Amino acid sequence: MSSCIFCKIIAGEIPSVKIYEDDLVYAFMDIAPINLGHILVIPKEHHESASSIPEATAGRMMKVGSRLGIALKRALDYDAYNLHLADGKAAGQVVMHAHLHVVPRGVDDDFRWNWRQLAYADGEAAAMAEKVLAKFKLNDQE
């Protein structure tokens, strides 16, 4: 996609600090890191949504992201890491090319995801699960 900043990075039109590359994915340092060392793992093919990424590519993104998280912990003395993928603007996706954040974490880094916790009424979780399962498709089966 000609206007996509991540596609331009993959094409070498915009510079990046590359961490890893193979035939499916490209990983590079985020230019506005949550914590220093923050890495993005992206599919080399343009996919706006995670739902359209082929299974092999999505799996590769997760494997590379996990291995990079371990490397961040070891190399930069972090305590942990988060893998985060936002799918859609309402979820916080800013660049409309699917991407996995690998965010190194320290016990005292003062970053909070600010997740709220709601509660289900009696039977509500099971009813919602039934609705979701009725629409659940695996391997793009319709």
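Could you give the angle, 0 to 90 degrees to the nearest 10, between helix 55-76's Cα long axis and the longest principal axis of the Cα atoms of the chain?
That helix lies at roughly 60 degrees to the long axis.
Calculate for the chain the 222 nm mean residue ellipticity that helices alone would give, adding -39,500 (n - 2.57) per DSSP H run of length 4 or more and normalising by residue count, nearest 500 deg cm²/dmol.
Calculated at 222 nm, the ellipticity per residue is -9000 deg cm²/dmol.
Looking only at the stretch 37-66, which residues have a backbone nitrogen under 20 Å from a spot 7 Å from the Cα of M29 in the C-beta direction?
37-42, 65-66
P(r) for the chain, please, calculated from all Cα pair distances in 10 Å bins and given in %.
Pairs per bin, as whole percents: 10, 34, 32, 19, 5, 0.
Identify all aspartates and glutamates with a Cα-Cα distance to K137 below 18 Å; exclude those on the same chain that are fewer than 8 residues away in sequence.
E55, D87
Here are some pairs, K18/K73; K8/K73; K89/K131; K63/K131; K44/K89; K8/K89; which of them have Cα atoms lying more than 26 Å apart in this structure?
K8/K73; K63/K131
Taking only Cα atoms, what is the 0 to 90° angle, nearest 10, from helix 124-135's long axis to the longest principal axis of the chain?
Approximately 70 degrees, to the nearest 10.
FYI, it's all coordinate maths here, none of it is from the lab. These numbers come from a predicted model, not from an experiment. With ideal geometry, Cβ positions are generated from the backbone for all residues, glycine too; neighbour counts draw on all protein chains shown.
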